[in-house]
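Scroll down for the structure; my scribbles are underneath it.
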Amino acid sequence: MSRYCSIASCQKLTKSIKTSLNLKNDYKEVVQMCLQSKNVKNTSSFWNKILKNIAKIKSNNSSEAISVFSNNITDQRNDINRKTKNPKLLHKEIQKLCSNLQKHISQNKPLAWSTAGVAAVGSTNPTVTDVPTLDSNINAVSSVTEVKVEPIVEAIPEPPVVPEVVESTGEVLNQLNALGEPTFASLGLGGYSPVGIVQNCFEYLHVTMGMEWWAAIAIGTLVIRICLFPLVIMAQRNAAKMNNYLPQMQVLQLKMTEARQTGNQMDAARYSQELMMFMKEKGLNPFKNMIVPLAQMPIFISFFMGLRQMTNVPVASLSTGGLFWFTDLTLPDQYLLLPIITSATLYATIELGTDTAKLSSQNMQLMKYVLRGLPLIVLPFTVNFPGAILCYWASSNLISLVQVGFLRIPAVREYFKIEQMRKFKAEEMPVKPKGFREGLKDSWENIKITKALEERKRLDELSFQRAGKGPIVKTYKYDPTKQVDPNKTAPVSAKSR
């Protein structure tokens, strides 16, 4: 029965504290009372402190709720002192409620009261939740007599709307060119690399000059070929001289080849030196014929990569910048006409170009036939190329054909001081023209001979090194360093007599 009364008294005390929280003006006084009372260790002093605080509150506020709360506290004190067996546990329970009260007040949150912990007051070995430490100034709290409580907002407000970033008109206009299209810089194209410079030139021709994309590609290719024209003239002069002195050069080449085949390195080196002196005297240099291809290679790669990037982005105006049946330059030609035109013009350029004439005159049959088969090798790959790349490639081949035909005119060759190429009869040439199989066979034999000579030279060098570092190799039967017994004479053969 005593346990039941103790629990009921504690619940009544908790209810009284909850009731006091509904007071608007006396809200802080009750908190003050609880905070000042929770640190008292002695039970008797604890209750005396509470009653003292209640009397102070009653003197400042004569509301009916304060009187009811005071009477309840007094009755509970008497009832607990009379019936409870563990008043210290009630003290700890009030401390916990006060700490919870202060924490929620400091955070401006609604209180959630629970009487679950009060039910364990009558237990002899209860489990008490740790009370958080309060860093509050009691003297400052006691000076507060009236606090206005802000209304509790139950609903969570909506998050503020993030304002949209609106670009200014000037920034938008800076990303458009004169035609109202996005600039290459805004698309990540252009720059100062070789590929970027090519793209900037195309943008200038299209935007500033007002050309369609197919015309811009063709004109850009023409400008580059005009810039390379002096190198073409130099290569043509050298090729004409080499063709006119071809019989003398072939005589020395034949002698050098025969010396190599017989293993006579001295004669091979001598004839090679004579050939070099002859070419130097006549101003011939076979490497001058390679200047144009070497110069065109990086340009071709830059154009290829630049147009590939423009079609991959893609540049929107390229889809309508074509001509005739290939209006969309970002897609492959569905009729396969552009790949066929590109391969055909490439074959014609190889056949009529000066490089092909040089290879034929020097009897480099293998290389000549490889170049002739190049268009067939390239054709399957060009099928999937965008129209912009094929437009550039076909334009370059057509310009090469026009250039070859232009340089075949005698008046033009005379103006640029290019010698007329002499045509020799077959019987006048030391080296007779051969077919594909014979030329391939001779080329293979020359490669094998050259490899064997290099291997022989390497073995001679190794033998020379071993002879200098290793022991002396015995190459004789009689050793003059050994003494011979005079009593023993060597038998004399019949031949020596």
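The values are calculated or read from the model by the stated rules, or taken from the named source; none is laboratory data. These numbers were taken from a predicted model, which means no experiment stands behind them. Cβ placement follows ideal geometry from the backbone for every residue including glycine, while neighbour counts extend to all protein chains displayed.
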Yes or no: the range 322-329 includes at least one residue that is in a helix (DSSP H, G or I), touching a residue at least 24 places away in the same chain (Cβ under 8 Å) and out of contact with any Asp or Glu (no Cβ under 7 Å at 6 or more places or on another chain).
no
For the range 235-252, state whether one or more residues are part of a helix (DSSP H, G or I), free of Cβ contacts under 8 Å to residues at least 24 places away in the same chain and in contact with a helix residue (DSSP H, G or I) (Cβ under 9 Å, 6 or more places away or on another chain).
no
Can you name the condition, by its number, that Met276 falls short on among (1) surrounded by 18 or more Cβ atoms within 10 Å (Cβ to Cβ); (2) within 23 Å of Glu419 (Cβ to Cβ)?
(1)
Any residue in the range 299-306 that is in a helix (DSSP H, G or I), under 25 Å from Glu427 (Cα atoms) and hydroxyl-bearing (Ser, Thr, Tyr)?
no
Out of the range 216-248, which residues are within 21 Å of Arg413 (Cβ to Cβ) and of a type in the set (Val, Ile, Thr)?
Ile226, Val232, Ile233
For the range 232-243, state whether one or more residues are under 27 Å from Asn177 (Cβ atoms) and surrounded by fewer than 19 Cβ atoms within 10 Å (Cβ to Cβ).
no
(1) at pLDDT 90 or above; (2) farther than 21 Å from Val292 by Cα; (3) aliphatic (A, V, I, L, M) all hold for Leu440 apart from (1)
Within the range 469-481, is even one residue among the polar types (S, T, N, Q) and surrounded by fewer than 10 Cβ atoms within 10 Å (Cβ to Cβ)?
yes
